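For reference, the structure I am asking about is given below.
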Amino acid sequence: MKFIKCITVFFFASLLITSCEIEPVDVSSTTPTVPTTPGGGTSSGDYWPTAVNNQWVFKMDGVLQSPMKMISTNTINANPYYTFNEQVGTEIGTTISGVQRLRKLNGNYYLKMENLSSPAQGSIPGFTMTGYETIILKDYLSVGGTWTDKYSQTTSYTDPNFPVISLDFDILATVMEKNSSITIAGHKYTDVIKIKYIQKVTMVGQTTTVTSYYWYSKNVGPIKMTTETGGQTVVQELDSYIVK
């Protein structure tokens, strides 16, 4: 039986980048788990300012991307979120769209990704991938502080020959730097937190490791990210921003 093997890599500026290959393998679907991430601490500042019309524009490997803009506030399961404009990514000829939301509580920054979808294009079937919510930053932790998280995503395809598949994510995040500075495109950002974010993505018994580094600047938001997987590195850097 054939299916599309998709390893998903989270980007704060362009939802998900997906690399896919087709290979024969027998699979069985599993039920996604809902991550639990309680607790928190005393926030050390605002490392992703939230207000409607706040906006960040990134370059990915030097190419300017569409703006990432907060367009509304929403309450989901009694939790308040700031919702971003729908992001659309294109990879290997298929277009993927989805909506991200952000909430902050006691120094924890939660990113909620709604279901992702892609229409069928040529020989590539359309699919829907279930959403997730995970902590992307704990601004109160000291250098060396860590946290872990787990979540699952289920993917179903428009082609009935492709079975439902499940991806399980195990995450280890580590604070690498605090109160540091970094220069991007000639601009110096200060009060920076650098996070190392390791994702182990397991599907059909096979595990891929994705290593990312995130930089957040106080009162600015995310300013840089690098992601390494399969011998390739993708770099995103802030080009411009508007915050209230």
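Once the piece of chain linking Glu228 and Asn53 is laid out straight, how much longer is it, given 0.36 nm per residue of separation minus the C-alpha distance between them?
In short, 59.9 nm is gained.
Quick one: grab Rg to one decimal and Dmax as a whole number for segment 43-197, Cα atoms only, in Å.
Rg and Dmax of segment 43-197, Cα atoms, are 17.7, 52 Å.
How far, in nm, would the chain grow between Glu177 and Asp239 when pulled straight, counting 0.36 nm per residue and subtracting the alpha carbon separation?
Answer, rounded to one decimal: 20.1 nm.
With a Förster radius of 25 Å, plug the Cβ-Cβ distance of Ile198 and Asp61 into 1/(1 + (r/R0)^6) and report the FRET value to the nearest 0.05.
Between Ile198 and Asp61 the formula returns 0.70.
Calculate the FRET efficiency for Val143 and Asp168 from the Cβ-Cβ distance with a Förster distance of 35 Å, rounded to the nearest 0.05.
0.75
Around Thr207, with a cut-off of 10 angstrom between Cβ atoms, what is the net charge of the other residues, counting Lys and Arg +1 and Asp and Glu -1?
After counting each charged neighbour, the total is -1.
Excluding Pro49 itself, what net charge comes from residues whose Cβ is under 14 Å from its Cβ, given Lys and Arg +1 and Asp and Glu -1?
+2
If you take every residue apart from Lys112 with its C-beta less than 10 Å away from the C-beta of Lys112, what net charge results, scoring Lys and Arg +1 and Asp and Glu -1?
Surrounding charge for Lys112 is 0.
Only the coordinates and a few stated rules stand behind these numbers; no lab work does. For clarity, every value in this text was computed on a predicted model and none was experimentally measured. Here Cβ is always computed from backbone atoms with ideal geometry, including for glycine, and neighbour counts include all displayed protein chains.
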